[in-house]
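Scroll down for the structure; my scribbles are underneath it.
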Amino acid sequence: EAYISGSKRIISAIFALNLGWKNQLYLDITGRNDWSSTLPKDNCSFFYPSVSGSVALNDLFEFGRQGGLINLMKIRASWAQVGNDTAPYRVSDYYSATGFPGTVAIQSSKANGNLRPEIVSSWEVGLELRMFRKRFHLDVAYYDSVTDDLISRMPISYANGVNYVYMNAGSIRNRGMEASVSGTLVKTRDLQWKIG
């Protein structure tokens, strides 16, 4: 796979493996490697994998089907990394034409030939539950995500002739819980009332 725009080129190699067993166990494995023209030659290649799986517990252990008490009880887990490059023209100095013939302007940011790609590493676990002939639905998940080598614009002294430099400056962490609950309170031939 290749992506080319007017000032950026990305070449990618991708693989995916999807496994399932009796509609009860699922495993997905993916991998991708990108080569980006916006990063320095020594750091232009970055690989990011992912693994995810789920288990339908009520099917695997055959419980809850009698009387429609539990229609689905599924646990899931995933881990992934995602790479990110930067915008063009940040790793080497360049000049651009101005509106005046025969003159050029320097870029407003200092080139950084040591930029590395950003890498986001995240994992998630969750539970999905459907009960009472699918009239009650619960979905709960916990996630944790860390972005390393965050590419940020940092101000520098204008004595250098520029205002700022792009650099890998730290990391950011996001984590939390998500939950959704929905249900059908009334279900007749003529009326159905759902809340969530």
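The values are calculated or read from the model by the stated rules, or taken from the named source; none is laboratory data. Keep in mind it's a predicted model, so treat the numbers as computed, not measured. So basically every Cβ, Gly included, is an ideal-geometry build from the backbone, and we count neighbours across all protein chains shown. Each accessible area value is taken on the protein alone, full model and side chains, heavy atoms only, with ligands, DNA and RNA left out. Shrake-Rupley method; radii C 1.70, N 1.55, O 1.52, S 1.80 Å.
Length gained on full extension, Ile172 to Asn114, computed as 0.36 nm times the residue gap minus the Cα-Cα distance: 18.9 nm. For the chain, lysine pairs separated by 8 or more sequence positions, or belonging to different chains, with Cα-Cα distances below 23 Å total 9.
Across the range 95-102, computed HN-Hα scalar couplings (Karplus, 6.51 cos²θ - 1.76 cosθ + 1.60, θ = phi - 60°) run 10, 10, 6, 10, x, 9, x, x Hz from first to last residue, x flagging Gly and Pro. For the range 15-27, the Karplus equation 6.51 cos²θ - 1.76 cosθ + 1.60, evaluated at θ = phi - 60°, returns couplings of 9, 8, 10, 10, 10, x, 9, 6, 6, 10, 10, 9, 9 Hz by residue, with Gly and Pro reported as x. Legend: Rg and Dmax of the chain, from Cα coordinates, 25.2, 84 Å.
Out of every Cα-Cα pair in the range 13-82, what percent are more than 14 Å apart? For the range 13-82, the fraction of Cα-Cα distances above 14 Å is 68 percent. A viscosity of 0.890 mPa s and a temperature of 25 °C, combined with the Kirkwood radius over C-alpha pairs in the Stokes-Einstein formula, give the range 4-48 a diffusion coefficient of 194 µm²/s. Largest to smallest in accessible area, the residues Arg173, Arg116, Arg90 fall in the order Arg173, Arg116, Arg90 (1.4 Å probe, all protein chains included). Calculated accessible area for the chain comes out at 66 Å² per residue, all protein chains present (probe 1.4 Å; ligands, DNA, RNA ignored). Of all the options Leu185, Leu19, Leu27, the one that moves most in a Gaussian network model of the chain with Cα springs shorter than 10 angstrom is Leu185. Listed values for the range 84-94 are Karplus-derived 3J(HN,Hα) couplings in whole Hz (6.51 cos²θ - 1.76 cosθ + 1.60, θ = phi - 60°), namely 8, 8, 10, 6, x, 6, 10, 10, 8, 6, 8, and x replaces Gly and Pro. Its Cα gyration tensor gives the range 64-156 an equivalent ellipsoid. The semi-axes, each the square root of 5 times an eigenvalue, are 55, 15, 9 Å from largest down.
How many angstrom lie between the C-alpha centres of the range 81-149 and the range 151-196? So the two Cα centres are separated by 12 Å.
Taken along the Cα-to-beta-carbon direction at a fixed 7 Å, the label points for Phe63 and Ser50 span 3.2 nm.
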